Amino acid sequence: MYPNLYYVFKDWFGVEWKGLALFNTFGLMVALSFAAAAYVLSRELQRKEKQGLLLPREESIVVGKSASWGELLTNGLVGFIFGYKIFGVFINKLPEVNIQDYIFSREGNLWGGLLLGIIMAGLKWREKQKHKQAEPEQRTLRIWPHDRVGDIVILAMIFGILGAKLFDNLEHFDDLIKHPIDRIFSASGLTFYGGLILAAIAICIYAYRKGIMVAHLVDAAGPALMLAYALGRIGCQVAGDGDWGIYNSAYTSDAYGHIVKADPDGFKDRLAKDSTYFLSGKVLDADGRVQYVTDRTYASLNEVPKAAISGFTLPSWVFAYSYAGNVNRDGVIIPGNNEDHNRMLPQPVFPTPLYETIICLFLFLIMWSVRKKIKLPLMMFGLYLFLNGFERYFIEKLRVNQLYEFMGLRLSQSAIIAVFLMLAGVIFILFANRKKGTIL
């Protein structure tokens, strides 16, 4: 596993540059997924603009003015936050700093924050002074929908993170009540559907206010969202952020995470050996201290979720993965490993992020290939909702999540939302067929 770039460079190039621990691999893949989605969305919006389905909007701006106090304060505040954290990291002893926890803490360097804040405010002032005119003038610009992709991506990032944290804390409400500060400010714990729902609401409101036809915008966003999800799941797999599946009892692993086929009693024996982990979520560290390592505990070993599927001619890691060195520090300690991320799952699980990456890339290619053939507004978005819900509903059968009673079934929060997404997709498709030629 590569929780951050420090581990990537150490494994690939044999160098130990602690400063690279600042760059979380999951975060980098999320950033890449946003960039890819922005590119796909921009291309689709331009295609619809050429078809005359989306039109520009004229907006007036004033040029030649000096920087306002609001602009200077905003730039200064952004610079202060980055300087406070970045200077704090490099002034502290990095081996003693947990980067992920540090970023969400109140620790930092005041002078570094002030320095970068002043620099950022100064650069903004200088930029405005360069274009300052004796008489500021008002200009009218024609702004096309694809010119607003940057704003849309920023809204998606902000409200996506807020929604993801909100839904994750609702799903783990008991833990939120016990540790509210830790849960709210933790860098982990993100639920995709929460982010999707809140971001979608914010973007639709923004589009309506900017005169963008929402039906065509969401149609253009469908393929982009599918691609972004596929790439984001690569980050989940590489970092080992906990979105893995249930245990695969057809395999077992040794103390270092090497996967082998299990004999008839191998899986049960390994459960018994690490029963403390499965029943209490605690194991002893190298100094003999009890460490909390997982929130997935069970009343008995018989309740540990599992399925037996062997790999046939495929490599074993396709069906069983131990996530050694995962970013969550979940599992038992790897012997002789003194790194910050030195734990692995005591039993291999199904690598569901890998499955979702493969499936969603395939679904993206399908959507991309048929997009020009679909002429009805909201049809493409309906297709996205149905395919996304369908994929997630069935992948939840292999994932580890809290289950709820829903219409006589025991489903996870994501599976319940997936059902509603499939229904919404069908409704949008039927609505699009009934309203042929109508644009919302």
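Candidates in the stretch 305-329 are the residues that are surrounded by 20 or more Cβ atoms within 10 Å (Cβ to Cβ) and at pLDDT 90 or above; of these, the one that is nearest to the chain's Cα centre (by Cα) is Asn326. Restricting attention to the stretch 426-440 and to residues that are modelled with pLDDT under 75 and basic (Lys, Arg), the residue that is surrounded by the most Cβ atoms within 10 Å (Cβ to Cβ) turns out to be Lys435. A single entry from Leu383, Leu423, Leu398, Leu409 fulfils the requirement of being of a type in the set (A, V, I, L, M), outside the structural domain of Asp330 (by TED's automatic domain parsing) and buried (at least 21 other Cβ atoms within 10 Å of the Cβ): Leu383.
Condition test on Thr276, is it outside the structural domain of Gln51 (by TED's automatic domain parsing) and surrounded by 24 or more Cβ atoms within 10 Å (Cβ to Cβ)? No; evaluated as a whole, the condition is false for this residue.
Looking across the stretch 250-279, the residues that are among the hydroxyl-bearing types (Ser, Thr, Tyr) and either free of Cβ contacts under 8 Å to residues at least 60 places away in the same chain or under 16 Å from Arg343 (Cβ atoms) (or both) come down to Ser253, Tyr256, Ser275, Thr276, Tyr277. Among the residues of the stretch 283-320, those that are closer than 25 Å to Ser412 by Cα and among the basic types (Lys, Arg) comprise Arg296, Lys306.
Just to be sure, is Phe362 without any contact (Cβ under 8 Å) to a residue 12 or more places away in the chain and under 22 Å from the mean Cα position of the chain (by Cα)? So Phe362 fits the description; yes. Checking each residue in the stretch 237-249 for being closer than 20 Å to Arg296 by Cβ and either in a strand (DSSP E or B) or aliphatic (A, V, I, L, M) (or both) picks out Ala239, Gly245, Ile246, Tyr247, Asn248.
Condition check ((1) part of a helix (DSSP H, G or I); (2) at pLDDT 90 or above) across all residues:
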position	(1), (2)
Asp101	yes, no
Ser105	no, no
Met120	yes, yes
Thr140	no, no
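Against the conditions (1) among the basic types (Lys, Arg); (2) more than 25 Å from Leu378 (Cβ to Cβ); (3) assigned by TED's automatic domain parsing to the domain that holds Val149, Arg209 satisfies every one except (2). Within the stretch 106-142, the set of residues being surrounded by 10 or more Cβ atoms within 10 Å (Cβ to Cβ) and either touching a His at 6+ places or on another chain (Cβ under 6 Å) or free of Cβ contacts under 8 Å to residues at least 24 places away in the same chain (or both) comprises Glu107, Gly122, Arg126.
The values are calculated or read from the model by the stated rules, or taken from the named source; none is laboratory data. Fair warning: this is a prediction, and the values are worked out from it, not measured in the lab. Here the Cβ is made from the backbone with ideal geometry for all residues, glycine too, and neighbour counts use every protein chain on show.
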